[in-house]
Amino acid sequence: MRLADLNPEHFVDWLRHAAPYVNAHRGRTFVINFPGSTLHGPEIEGLIHDLAVLVSLGVRLVLVPGARPQVERRLHQRGLDSHYAGGSAANGGLRVTDAAALECVKDAVAEVRTELEARLSIGIAPSPLAGLNMRVVSGNTITARPVGVRDGIDHLYTGEVRRVDVEALRQRLANGDIALISPLGYSPTGELFNLSAESVALAAAEQLGADKLIHLSTHAPVKDAAGNTIRELTPAEARQRLHDNAGEQPPTARRLLHSAAQACDAGVKRVHLLDRRQNGALLLELFTRDGIGTLLAPQPFESLRTAQLDDIPGILNLIRPLEQSGALVHRTQELLEEQISDFTVAERDGAIIATGALIPWPAETAGEIACLAVDPDYQGAGRAATLLAELERRARQQRLERLFVLTTRAEHWFRERGFNPAGAAALPAQRRELYDTTRGSKVLVKNTLEE
């Protein structure tokens, strides 16, 4: 695509917004898991391009591809049946790997590895990334043990991860290589075991201390009852969702969500669940503030907190346009510095997207709600109301008996939230002296003791 075909303003705006993420991701370790079916789907070309972009930006990649369809095809070619304990693969069953099936697994894993290595080796032509050298290194980095007998069923050569050779992987990543881990593990006695790619990705991310674990799946992202994407979850929220919606989600989707929660608990900073069919899913998720998938993180992605001096540039970006339009009274940076502890901010992935102040007038046990502002990109989702509720909570903590607000454009919004019209006489005496009659601001008051 030529630059002339793009909207220049949109391109420049996107690049400026993406720049902080380019800086944040450089030198970080991402573990990416995707099913074997990806290699033969229409999305493989886009995935290779996205991986090339990540490599060119200095991201350290660990790839963990699955091989289930390749295994199934080989079993079918040899006239062998698939055996799963606890139901089929679609129902979340665990494969029982006998000697014959293990041979199919070995062949299938080799196919996936060599095909992926080939695709990553040919470059991205025709594009500026055509000359990018993406070295792929694989090897026996997984030590495994047998699953053993469960519910009376011997799983034979089906195994589970015992240990990841972290030092070997880190060395490969430090050399600028892409580390490829196949879903096979070796025991100290030389036995070979078939592993779940998801469990290998989880173990690798956990033991490497990866910055991100990314699952590309047709069972992602997580949806609510109305089919809308759930953008963020904490591990506790994920488990609550699994409990509340037991039986309503496909077993594979439940297993994926449970694994993501486990990864967060194990120290992985962020886990992303993305639809592998979405073109550019990795880039859209990693280089935009809101992404397109479901993010799991130990702490909420967005939070309210008391403002700090470092937040002043972000606060100014929010309130300056409103000051210029006349909706807010101009505040100097010096005044903002003096009052910074009175401000509360909503922070989303390091960006200030909303702010508001509770300025106390303790002599009259009153508080002023001021500078309530929300980034235009995040309006309409109830953030202003949430911020106001937080300021009211803080007012009660400070034992302020009433709140007041001066507004020229949001009278009805405040009235819908319990504020009542009042004249300037309702203002504290000192605040009344500062009241600018030329603005014609409406004064509204709310009794906090009514809560």
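Brief remarks on what is shown
- Selection within segment 382-428 - without any contact (Cβ under 8 Å) to a residue 12 or more places away in the chain, open to solvent by 70 Å² or more (accessible area, probe 1.4 Å) and under 30 Å from the mean Cα position of the chain (by Cα): 393
- Among the candidates 358, 391, 335, residue that is modelled with pLDDT of 95 or more, in a helix (DSSP H, G or I) and either of a type outside the set (Val, Ile, Thr) or out of contact with any Pro (no Cβ under 6 Å at 6 or more places or on another chain) (or both): 391
- Among (1) closer than 13 Å to residue 370 by Cβ; (2) over 40 Å from the mean Cα position of the chain (by Cα), the one test that residue 438 misses: (1)
- Checked against (1) open to solvent by 40 Å² or more (accessible area, probe 1.4 Å); (2) free of Cβ contacts under 8 Å to residues at least 40 places away in the same chain; (3) under 14 Å from residue 214 (Cβ atoms), residue 23 passes all but a single condition, namely (3).
One line per residue, one yes/no per condition, for (1) of a type outside the set (D, E, K, R); (2) farther than 27 Å from residue 171 by Cα; (3) assigned to a loop (DSSP other than H, G, I, E, B); (4) touching a strand residue (DSSP E or B) at 6+ places or on another chain (Cβ under 7 Å):
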position: 13; (1), (2), (3), (4): no, yes, no, no
position: 16; (1), (2), (3), (4): no, yes, no, no
position: 23; (1), (2), (3), (4): yes, no, no, no
position: 38; (1), (2), (3), (4): yes, yes, no, yes
position: 62; (1), (2), (3), (4): yes, no, no, yes
position: 71; (1), (2), (3), (4): yes, yes, no, no
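- Total residues in segment 267-321, condition hydrophobic (A, V, I, L, M, F, W, C) and surrounded by fewer than 17 Cβ atoms within 10 Å (Cβ to Cβ): 4
- Residues of segment 196-220 satisfying the condition of being within 18 Å of residue 37 (Cβ to Cβ) and open to solvent by less than 30 Å² (accessible area, probe 1.4 Å): 197, 200, 201, 214, 215, 216, 217, 220
- Residues that are without any contact (Cβ under 8 Å) to a residue 12 or more places away in the chain and either under 14 Å from residue 298 (Cα atoms) or not in a loop (DSSP other than H, G, I, E, B) (or both), drawn from segment 237-269: 237, 240, 243, 244
The values are calculated or read from the model by the stated rules, or taken from the named source; none is laboratory data. Because the structure is a prediction, the values reported are computed rather than measured. With ideal geometry, Cβ positions are generated from the backbone for all residues, glycine too; neighbour counts draw on all protein chains shown. Calculation scope for accessible area: heavy atoms of the full protein, side chains included, ligands and nucleic acids excluded. Shrake-Rupley method; radii C 1.70, N 1.55, O 1.52, S 1.80 Å.
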